[in-house]
Every structure is written in C-alpha cells, then in structure tokens.
1. For the stretch 66-86, which positions are more than 19 Å from residue 28 (Cβ to Cβ) and assigned to a helix (DSSP H, G or I)?
2. Taking the stretch 25-47 as the region of interest, how many residues are modelled with pLDDT under 85 and touching a strand residue (DSSP E or B) at 6+ places or on another chain (Cβ under 6 Å)?
3. Which numbered condition in (1) under 15 Å from the mean Cα position of the chain (by Cα); (2) over 30 Å from residue 2 (Cβ atoms); (3) loosely packed, with under 10 Cβ neighbours inside 10 Å is the only one that residue 60 fails?
4. Consider residue 5 carefully, then state whether it is part of a helix (DSSP H, G or I) and surrounded by 10 or more Cβ atoms within 10 Å (Cβ to Cβ).
5. Might you check whether a residue that is closer than 30 Å to residue 17 by Cβ, without any contact (Cβ under 8 Å) to a residue 12 or more places away in the chain and part of a helix (DSSP H, G or I) occurs anywhere in the stretch 49-65?
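The values are calculated or read from the model by the stated rules, or taken from the named source; none is laboratory data. Predicted model, so just to flag it, every value in this text is computed and none were measured. Backbone-built Cβ (ideal geometry, glycine too); neighbour counts: all protein chains shown.
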C-alpha cells in the first residue's frame, strides 16, 4: 500500500523497514530506559507492576539454578544480568515517583 502510493519498489523498501524495526526492538529490549520515544510510532513505556512481577519470577528462577557447573553458571549469569537491569528500571520508577511527590508537595506549600 505504502509502496504503491509513492511508486516505490517493495524489494527496496522492505529491507529499510526491517532494519528500522530491528533497531527499535534492540532499543526497547535493552532495558536502558523506562520510556523509549520512536518517531512515527510514539512512546513505548515499561510498567512498574510488570517489572516487579518479572523480578520476582527471575529471583525464583535463580533459586532453582545452582551456579555450580559451567553450563548452569552461564544460565545463572544471564538471568542475573536481566534481573539487575529490571531492578535498575524499578529503582528509576521509584525515583520518579519520589520526585513527583516532592514537586507536588512544593506546589501545595506555595499556594
């Protein structure tokens, strides 16, 4: 539809679109930010309750994997790294909530 509208070849546009969404997926799944703004799509946000649930599930999984053998340690390390990233995101959510509350309290004190 887009290609026909602008008289473009699908074979030339498809790789561009695939690469764009590959980069979008990479940025969203990196868990470096709570929100990712993507031109043409909008803002994708993590949700704190879902992050907290995922952290609990990962903690449970870490308890089931003994990091004694080399293969288990690789799995353990990967899960632990993901858990740490999610904990960072959760801490960022808590920091944002605290800042919003402090801002709200300052506003009410002024009036």
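1. Matches in the stretch 66-86: 70, 71, 72, 73, 74, 75, 76, 77, 79, 80.
2. Matching residues across the stretch 25-47 total 2.
3. Among (1) under 15 Å from the mean Cα position of the chain (by Cα); (2) over 30 Å from residue 2 (Cβ atoms); (3) loosely packed, with under 10 Cβ neighbours inside 10 Å, residue 60 violates only (1).
4. No: the conditions fail for residue 5.
5. The answer is yes, given that some residue of the stretch 49-65 is closer than 30 Å to residue 17 by Cβ, without any contact (Cβ under 8 Å) to a residue 12 or more places away in the chain and part of a helix (DSSP H, G or I).
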